[in-house]
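Quick note: the coordinates plus some simple rules give every number you see, no bench work behind them. Note that the structure is a prediction, hence the values are computed from the model and not measured. Note that each Cβ is placed from the backbone with ideal geometry, even for glycine, and that neighbours are counted across all protein chains shown.
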Amino acid sequence: MSLNAALKLLIEEYPKAALLPFKGNEVAEFIRKEIPEYVSEITGKNDRYLVEGSPGKGNWAYVPWVAVLDRFITETVQDGYYVVYLVKEDFSGIYLSLNQGVTTVQNQYGSGAKDALRVRASDYLARLGNSVGGYIKGPIDLAVTQKSKLGPLYEVGSVCSLFYSAENIPNDEVLKNDLLNILDVYLILTSKENQLFNSNELEDDEAGLEYENLKKVRTHKRIERNKKLAEKVKKLQGYTCEACGFNFEKEYGEIGKGFIEAHHLTPIHKLEGDKVALDPVKDFSVLCANCHRMIHKSEFVSEVNEFRAKYIVKKS
Ligand SMILES: [Zn+2]
Ligand SMILES: [Zn+2]
């Protein structure tokens, strides 16, 4: 099946399916498993993106969705911002929207959530400037009913979007281009967030870097500060520094337990475009805080063995 066929099927079958029991329903499964597969075919093999679809949790959602998450920004739809297909509640069409994780905002702001989302959306829009030329800017109309809880929040959370009416879902070529284009906008927003113009805020290993290199270093750090990923790396690779053998628990006892830093091995000059490899074993190493700082300053930022040979073994 193609994405075009999948979206049509979603619009046609969802209202009928939603009258049936949720558990074990085929359409629900289709949204969770199959549609994300068609979307992933378009995003290609890129560890950076997570694709998820949901017909609701425990019961039918008023607004079913399929989302593409940039793992540098968020790994859950409750948080951050991401690209998402949102079905209108009256099934008259589907939005492809750069939208926000509304749940976290709701928890934080309660009844002020709508305002908070609206303010943030316009802030993002301002940052995107003329990158959002052909898009619907700001709020969208999901034809929400009174019962819908998240729908109204997604309406105001939309930064920019495209709308496909049910009778007129574009062909696969157009769907593909639209998705790739809005992912570019997503990427632009992400990289704008990485930019720092205030030299007071530069970290010690960033001083004197050219703008392009600063952006790459920021991306590198963003990868390493992805908590879920870092946890996985540490679990699989252990807690002993690969460069110097330092182990925090051995040295400091209980308080050092589980303490180590994940270091991403893709050479910074190769961090171009949006593709990154994020295999927790192949693409990372674990380093103590000292070695981590120093490897970033050294000429061997991606080669732990060489770093060890020159700076650690030689000395001892
Ligand atoms: Zn070390
Ligand atoms: Zn690092």
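Summary of values
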read-out: CD proxy at 222 nm, helix term only [per DSSP H run n ≥ 4: -39500 (n - 2.57); per residue of the chain; nearest 500]; value: -12000 deg cm²/dmol
read-out: Extension gain, Phe300 back to Lys45 (0.36 nm per residue minus Cα-Cα distance, nm); value: 89.0 nm
read-out: Of Leu19, Leu187, Leu142, the one that fluctuates the most in a GNM where the chain has Cα springs shorter than 10 Å; value: Leu19
read-out: Exposure proxy ranking, count of Cβ atoms within 10 Å, fewest first, for Tyr239, Tyr154, Tyr252; value: Tyr252, Tyr239, Tyr154
read-out: In nm, spacing of pseudo-spin labels at Asp172 and Arg127 (7 Å Cα→C-beta vector); value: 3.5 nm
read-out: Net length gained if the chain between Ala143 and Thr103 were fully extended (0.36 nm per residue, minus Cα distance); value: 12.4 nm
read-out: Rg in Å to one decimal, and Dmax rounded to a whole Å, for the chain via C-alpha atoms; value: 22.4, 73
read-out: At most 15 other Cβ within 10 Å, DSSP loop - trypsin sites (Lys or Arg not before Pro), segment 29-136; value: Lys45, Lys57
read-out: Part-to-part distance (alpha-carbon centres) for segment 1-45 and segment 97-114, which is given in Å; value: 26 Å
read-out: Net lengthening on full extension, Ser111/Glu231 (0.36 nm per residue, minus Cα-Cα); value: 39.8 nm
